[in-house]
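These notes are about the structure you will find just below.
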Amino acid sequence: MAPRPLVAGNWKMNGLRADAAEVRALATLLTDDLACDVLICPPATLLTTILDAAKGSAIAVGGQDCHAKVSGAHTGDISAAMIKDLGCSHVIVGHSERRTDHGESDALVRTKAEAAVAAGLVAIVCVGETEAERDGGKTLDVVGRQVLGSVPDAATPATVIVAYEPVWAIGTGRTPTEAEVAEVHGFIRAELSQRFAAAGAEFRLLYGGSVKPSNAKSLMAVANVDGALVGGASLKAVDFSGIINAYN
Ligand code: PEP
């Protein structure tokens with residue numbers, strides 16, 4: 001059976017408390033018989049506010065990053081246990097902006113994913129090639145290395161989600177063709193099946209990179225795409241619900 005889809009929003013470094021109104025508006029737009037799960041990952045400063053706004057709705061809330069350690073002398077960081085303690089269910093790790101801006105390696109991303117799972121969160125592990133890597137014909141090499149290096153050995157479909165986000169498609173309005181998405185998602189599925197045997201078929205594989213209401217239905221229909229990780233278009237309820245509607 002195909003995994004139940006997930007449509008996840010990554011607000012990145014956007015949002016003030018007043019933007020909780022978008023989450024309350026989204027909750028009113030979601031039908032009771034949703035065919036997918038819905039998640040919003042606001043900045044750490046808004047986790048409590050968004051958890052409150054989402055209360056009683058189908059919207060789950062997650063973090064955008066966590067430290068690999070449970071606690072300690074790491075000024076400015078937050079741990080998976082802290083995110084879990086608030087009532088969150090998920091955390092994104094290894095987003096390309098973290099890999100680029102903070103030099104995060106596959107090994108660090110794997111440790112963060114392990115910390116997330118140990119804290120009781122589902123880790124959304126992001127992978128994806130740069131434009132130069134795609135142009136150089138290295139997409140599958142890069143994605144394969146990232147999946148192998150970033151996904152913990154103890155990962156299960158219940159604890160880890162993999163998000164394929166080509167770096168060149170993030171925030172650019174450009175997307176890969178459906179055939180290109182199918183190729184990479186099929187490749188990730190095969191890698192996970194090789195490593196985790198029958199469970200490989202059950203991992204959720206999200207596509208991320210310039211997903212919007214107008215392209216969501218066709219991207220979400222691609223084989224081995226089990227949902228979306230959405231940046232810009234997750235900020236407004238009307239756009240995000242348009243993407244969620246790809247499944248309804
Ligand atoms: C993202 O940052 O995870 C993302 C996919 O961004 P956008 O949808 O804006 O391209």
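Bear in mind that the values in this text are calculations on the coordinates, not laboratory data. From a predicted model like this one, the values you see are computed outputs, not experimental measurements. Cβ sites come from the backbone with ideal geometry, for glycine too, and all protein chains shown count toward neighbours.
Check segment 64-71 and report whether any residue there is in contact with a Leu (Cβ under 8 Å, 6 or more places away or on another chain) and assigned to a strand (DSSP E or B).
no
How many residues does segment 43-82 hold that are touching a Ser or Thr at 6+ places or on another chain (Cβ under 9 Å) and farther than 18 Å from VAL7 by Cα?
10
Quick one: ALA228 ticks every box in (1) assigned to a helix (DSSP H, G or I); (2) within 30 Å of ALA118 (Cβ to Cβ) except a single one, so which number is it?
Looking at each condition in turn, ALA228 falls short on (1).
With the requirement that a residue be away from the ligand (no atom under 13 Å from the Cβ) and either part of a loop (DSSP other than H, G, I, E, B) or closer than 21 Å to LEU30 by Cβ (or both), what does segment 191-213 give you?
Matches in segment 191-213: PHE203, ARG204.
Could you list all residues from segment 220-231 that are of a type in the set (A, V, I, L, M) and within 11 Å of the ligand (Cβ to nearest atom)?
ALA228, LEU229, VAL230
Taking the condition of being part of a helix (DSSP H, G or I) and within 20 Å of VAL222 (Cα to Cα), how many residues in segment 148-184 meet it?
Selection size over segment 148-184: 10.
Within segment 48-57, how many residues are more than 14 Å from GLU22 (Cα to Cα) and crowded, with 17+ Cβ neighbours inside 10 Å?
Residues meeting the conditions: 0.
A quick yes/no check of all residues on (1) touching a Gly at 6+ places or on another chain (Cβ under 8 Å); (2) closer than 20 Å to THR156 by Cα; (3) within 16 Å of the ligand (Cβ to nearest atom):
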site: CYS88; (1), (2), (3): yes, yes, no
site: GLY94; (1), (2), (3): no, yes, yes
site: ARG99; (1), (2), (3): no, no, yes
site: ARG110; (1), (2), (3): yes, yes, no
site: GLU114; (1), (2), (3): no, yes, no
site: GLU129; (1), (2), (3): no, no, yes
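Would you confirm whether or not segment 42-61 contains a residue that is in contact (Cβ under 8 Å) with a residue 60 or more places away in the chain, on the phi > 0 side of the Ramachandran plot and part of a loop (DSSP other than H, G, I, E, B)?
Scanning segment 42-61, I find no residue that is in contact (Cβ under 8 Å) with a residue 60 or more places away in the chain, on the phi > 0 side of the Ramachandran plot and part of a loop (DSSP other than H, G, I, E, B), so the answer is no.
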